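Structure, as structure tokens:
None of the figures in this text is laboratory data; all of them are computed from the coordinates on show. Please read all numbers here as calculations on a predicted model, not as lab measurements. Counting neighbours? That spans all protein chains shown, and the Cβs are built from the backbone with ideal geometry, glycine included.
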Amino acid sequence: MEMTLRWYGSKHDSVTLKQIRQIPGVKGVITTLYDTMPGEVWEEADIKAMIDEVEAAGLKVAGIESVNIHDAIKIGSPDREQYIDNYITTLERLGKAGIHMVCYNFMPVFDWTRTELARVRPDGSTVLAYTQEAVDKIKPEEMFNSIGSDMNGFVMPGWEPERMARVKELFEMYKDVDDEKLFENLKYFLERIMPVCDKYDINMAIHPDDPAWSVFGLPRIIINKENILRMMKMVDNPHNGVTFCSGSYGTNLENDLPDMIRSLKGRIHFAHVRNLKFNSPTDFEEAAHLSSDGTFDMYEIMKALYEIGFDGPIRPDHGRMIWDEVAMPGYGLYDRALGATYLNGLWEAIEKSQTRGL
Ligand code: CS2
Ligand code: MN
């Protein structure tokens, strides 16, 4: 595996490349062109500038999170052709620039959903949290207002105010899209992009829906082992793979994370590893990465990744806000650096115990 950190670019991130380079074992970043909109073609010069900036800091761009998918593609409306063509051009340009992993998601309307961005834990740290009870009480268009003020002045990807202003309209556009239709539209999209992925060896890594169930009655398909295996089979190409995000699949306690990892051997192209602490099956918060701080056995997750021979980029996912840091919720430096170090420690121990036959 290749340890990385997500970076939002010098214009948007409170964390610098210099700081990232000083985290032991972190050699690369996962980034994107944050000023582009879904559906736009990425300019070659912008891609080059992004790579040059990262390389000048002694790091590499280990992959893109995300090249976002235009709603027309998810809805399957006639204008999707143009947006798929644009997506293909962007992939072609990324491939030519030496980028081989692209993360994306296929969630309608909302990207990840949380009901609190700064829940205070007993140690005084603050974390992102979710309760189904809170979601059940509000309308989708109120979602942004309820968390917008907790963003510490940052604009969070997936929660851009311009997009949230259109929530009602977006719901209307998705009204005829159910799970089956969404699967069909995903298949159509993947079939169209696989040739360019084959040509430039680009691994597509779909991010799970978060939480891993339907919110506000919207269809959600990338939620469990059955559905993800269906997706692998429906477009059976090694470039059609997944981002294994423990904190997203893990929102559903019925998902057996190490078992899912083993069943996806060869198709996990990117990993997000974080822990959650459940207070009840529908109330969870994003704990520190350490197993004992949350509900998941992080050793078993890392061991499963090791055993399937996972060699792609991996990153700690959302961190807690600690030591008075002011940053984008989930994306401060300190707790993610601790997370990276902990995951590196687990990996070294697993590797040595296996290679030394202990
Ligand atoms: C991420 C997602 O911050 C997060 O929760 O894991 O927003 C992820 O980047 C997208 O869903 C991937 O397209
Ligand atoms: Mn994730």
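Do any of K225/K277; K27/K352; K199/K352 go past 27 Å between their Cα atoms, and which?
Check vs 27 Å cut-off fails for K199/K352.
Nearest 20 debye, what's the magnitude of the dipole of the stretch 148-283 about its Cα centre given +1 on Lys and Arg Cβ and -1 on Asp and Glu Cβ?
320
For Cα pairs less than 8 Å apart in space and 6+ apart in sequence, what is the mean separation divided by the residue count of the chain, i.e. the relative contact order in percent?
About 19 percent, as a whole number.
Taking the chain as a Gaussian network, where each spring joins two C-alpha atoms under 10 Å apart, which residue of I138, I88, I206 fluctuates the most?
I138
Using 23 Å as the Cα-Cα cut-off, could you pick out the over-long pairs in K60/K187; K74/K303; K18/K60?
From K60/K187; K74/K303; K18/K60, over 23 Å: K60/K187; K74/K303.
Once the dipole of the stretch 95-242 is set up with Lys and Arg at +1 and Asp and Glu at -1 on Cβ about the Cα centre, which of N105, Y188, H239 lies farthest towards its positive end?
H239
With a cut-off of at most 16 other beta carbons within 10 Å, and DSSP calling the residue loop, which trypsin sites (Lys or Arg not before Pro) in the stretch 1-33 qualify? Please list them.
Of the trypsin sites (Lys or Arg not before Pro), the ones in loops of the stretch 1-33 whose Cβ has at most 16 other Cβ atoms within 10 Å are K11, K27.
So in the stretch 244-358, what percent of DSSP beta bridges are antiparallel if you round to the nearest 5?
About 40 percent, rounded to the nearest 5.
Rounded to the nearest 500, what is the 222 nm mean residue ellipticity of the chain from helices alone, with -39500 (n - 2.57) per DSSP H run of 4+ residues and division by all residues?
It comes out at -11500 deg cm²/dmol, rounded to the nearest 500.
Loop by DSSP (not H, G, I, E, B), at most 13 other beta-carbon atoms within 10 Å: where is the longest site-free stretch of the chain for GluC sites (Glu not before Pro)?
For GluC sites (Glu not before Pro) (loop position, at most 13 other Cβ atoms within 10 Å), the longest site-free span of the chain is 44-253.
Using DSSP, restrict attention to beta bridges with both residues in the chain and report what percent are antiparallel, rounded to the nearest 5.
30
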